[in-house]
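K.L.:
I have a structure here, written as structure tokens, and I will follow up with some questions on it.
The values are calculated or read from the model by the stated rules, or taken from the named source; none is laboratory data. From a predicted model like this one, the values you see are computed outputs, not experimental measurements. Here the Cβ positions follow ideal geometry from the backbone for every residue, glycine too, while neighbour counts run over all protein chains shown. Areas reflect the complete protein model, heavy atoms only, side chains present, ligands, DNA and RNA absent. Shrake-Rupley method; radii C 1.70, N 1.55, O 1.52, S 1.80 Å.
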Amino acid sequence: MKRLARSLYVRTALTLALAFIVFQVAAFWVVYRTLIVPVAARSADDLSGLIVLSAQTWVELPPETRAAFERELAHRHGLRLTTTDVGATADAPRFAFRRQIEEALSRRLGEPIVLYGASDTQAAWLDIPVGGHGLRAGFFPDRYAVKPPLTASAVIALGTFLSLLTALFLVRRITVPLARAARAASQVGAGELPDPLPETGPAELAELARRFNTMAAEVRELLDNRTTLLAGISHDLRTPMTRLQLNLEMLRDAPSPARIDRAVADLVDMNRLITGYLELARTTQAEAKVRIDLAVLLEEVAADAGLAWPGAAPCEVAAGRLALRQIVSNLVQNAQRYGGSPVELELECTDRQARVIVRDAGPGIPADQLEKVFRPFYRLETSRSHATGGTGLGLAIVRQLAETNGWKVSLKNGATGGLEAVLEIHR
């Protein structure tokens, strides 16, 4: 029960309900003071005027015509005028706006008037001091008492009910998707991949669901990559560590410079592998952007890789320098390792974007594997020899760095052979 009371749905519903109730009470009070009370006062004044005028007319009429006047008055207006005792009781029947009628009669007659009842009728009676006669006037409250406008009350009540239903419906439309997102977030926190949230409803909630689905997929991919990374580390380090252990054991019996060189080479391989894993782990953080001339950066990369660089017109972009250099260097190294010579580096620059293109003359990649090669540890060549297949992390680092910085990298086979890697950067 306490958990339900703390829920957003219950709290929002109660807040809206209280706000609507307060609003309706205020609206009813305004209607009561500005419409019902003035109408009641006017009706009470009209009734009191009719009673006083009828009494004065009765006094002025000849005695022989008074009975006929009394009958006509009773028939047309429901008023009673009589000089006989009506069997007065202590109080008149209770009805709405009785006080206003008594006040109006008191003003017209010049003395306090209190209505009283009779034992054999539901009429309200009063004594009228006119013409020295003990005249009594009576009327039926059901006919003359001002009733609150039932239509207005019904409209207010119906409006309150419909407003509350609407509020509850709207609150539910908001809280149900949020509750579903909270449950899905708990599943993601537990390492599970929840079902995608429905990307429907108001634009804000649909956008929230869309972003959550993307985040959940990225978290799941991150967990998968972590598992793959650990498996790759275990696999890749086991071979050089085993060779290193054998060489060290053999050095006990027969020290040899060749065995020491092989041990050092194994350590170099292990260091290279660890460096690659750390580079992949660092690609999830975007680098601060600065203004870079791509033509100058590509000239430096070409010089380091021993490529012929024909030069290009200046092309400035806002990008992280280290990430951009690492991507281009990895693409060039990948082309030099697996593609055929020559390797070409090209820059295309427009007002909207810059394109860095790396071409090789190798056999290319099967079309169905152009995207798969960006996965960590995925290699077309199945060995893990540094001389042939490497570790399978180069293109994974390229794709991760590009996505982290908002760039796009893709591969495609050339029309006449070879592979073309393209990096697109928005200017």
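K.L.:
Enumerate the pairs (first residue in segment 239-256 and farther than 17 Å from Val268 by Cβ; second residue anywhere and open to solvent by less than 90 Å² (accessible area, probe 1.4 Å)) with beta-carbon separation below 7 Å, excluding pairs fewer than 6 apart on the same chain, so at least 6 apart or on different chains.
P.N.:
Note: pairs meeting the criteria are Met250/Arg259; Leu251/Arg259.
K.L.:
Taking Asp304 as the residue in question, decide whether it is touching a Pro at 6+ places or on another chain (Cβ under 9 Å) and either part of a helix (DSSP H, G or I) or modelled with pLDDT under 75 (or both).
P.N.:
No.
K.L.:
Right, next: Limited to segment 57-68, what total is found for residues that are over 22 Å from Arg108 (Cα atoms) and surrounded by 10 or more Cβ atoms within 10 Å (Cβ to Cβ)?
P.N.:
4
K.L.:
Taking segment 409-419 as the region of interest, how many residues are assigned to a strand (DSSP E or B), touching a residue at least 60 places away in the same chain (Cβ under 8 Å) and farther than 11 Å from Arg355 by Cβ?
P.N.:
Total meeting the criteria: 1.
K.L.:
Within segment 52-79, restricting attention to residues that are closer than 18 Å to Arg98 by Cα and touching a Lys or Arg at 6+ places or on another chain (Cβ under 8 Å), which residue is modelled with the highest pLDDT?
P.N.:
Within segment 52-79, the match that is modelled with the highest pLDDT is Val52.
K.L.:
Residues in segment 40-56: is at least one under 21 Å from His133 (Cα atoms) and either open to solvent by 50 Å² or more (accessible area, probe 1.4 Å) or among the basic types (Lys, Arg) (or both)?
P.N.:
For segment 40-56, residues under 21 Å from His133 (Cα atoms) and either open to solvent by 50 Å² or more (accessible area, probe 1.4 Å) or among the basic types (Lys, Arg) (or both): present.
K.L.:
Can you name the condition, by its number, that Arg108 falls short on among (1) among the charged types (D, E, K, R); (2) closer than 16 Å to Gln56 by Cα; (3) free of Cβ contacts under 8 Å to residues at least 12 places away in the same chain?
P.N.:
(3)
K.L.:
So Glu299 ticks every box in (1) modelled with pLDDT of 90 or more; (2) open to solvent by 80 Å² or more (accessible area, probe 1.4 Å); (3) among the charged types (D, E, K, R); (4) outside any helix (DSSP H, G or I) but one. Which box is left unticked?
P.N.:
Just one mismatch for Glu299, condition (4).
K.L.:
Moving on to the next point. Looking at segment 81-107, which of its residues are closer than 14 Å to Ser43 by Cα and not in a loop (DSSP other than H, G, I, E, B)?
P.N.:
Those that are closer than 14 Å to Ser43 by Cα and not in a loop (DSSP other than H, G, I, E, B): Arg98, Arg99, Gln100, Ile101, Glu102, Glu103, Ala104, Leu105.
K.L.:
Further question: Every residue in segment 193-223 that is without any contact (Cβ under 8 Å) to a residue 24 or more places away in the chain, surrounded by 13 or more Cβ atoms within 10 Å (Cβ to Cβ) and outside any helix (DSSP H, G or I), please.
P.N.:
Pro194, Pro196, Leu197, Glu199 - these are the residues of segment 193-223 that are without any contact (Cβ under 8 Å) to a residue 24 or more places away in the chain, surrounded by 13 or more Cβ atoms within 10 Å (Cβ to Cβ) and outside any helix (DSSP H, G or I).
K.L.:
Here's another thing I want to ask about it. Just checking, how many residues over segment 343-352 are part of a strand (DSSP E or B) and either open to solvent by less than 50 Å² (accessible area, probe 1.4 Å) or of a type in the set (A, V, I, L, M, F, W, C) (or both)?
P.N.:
Adding up the residues that qualify gives 3.
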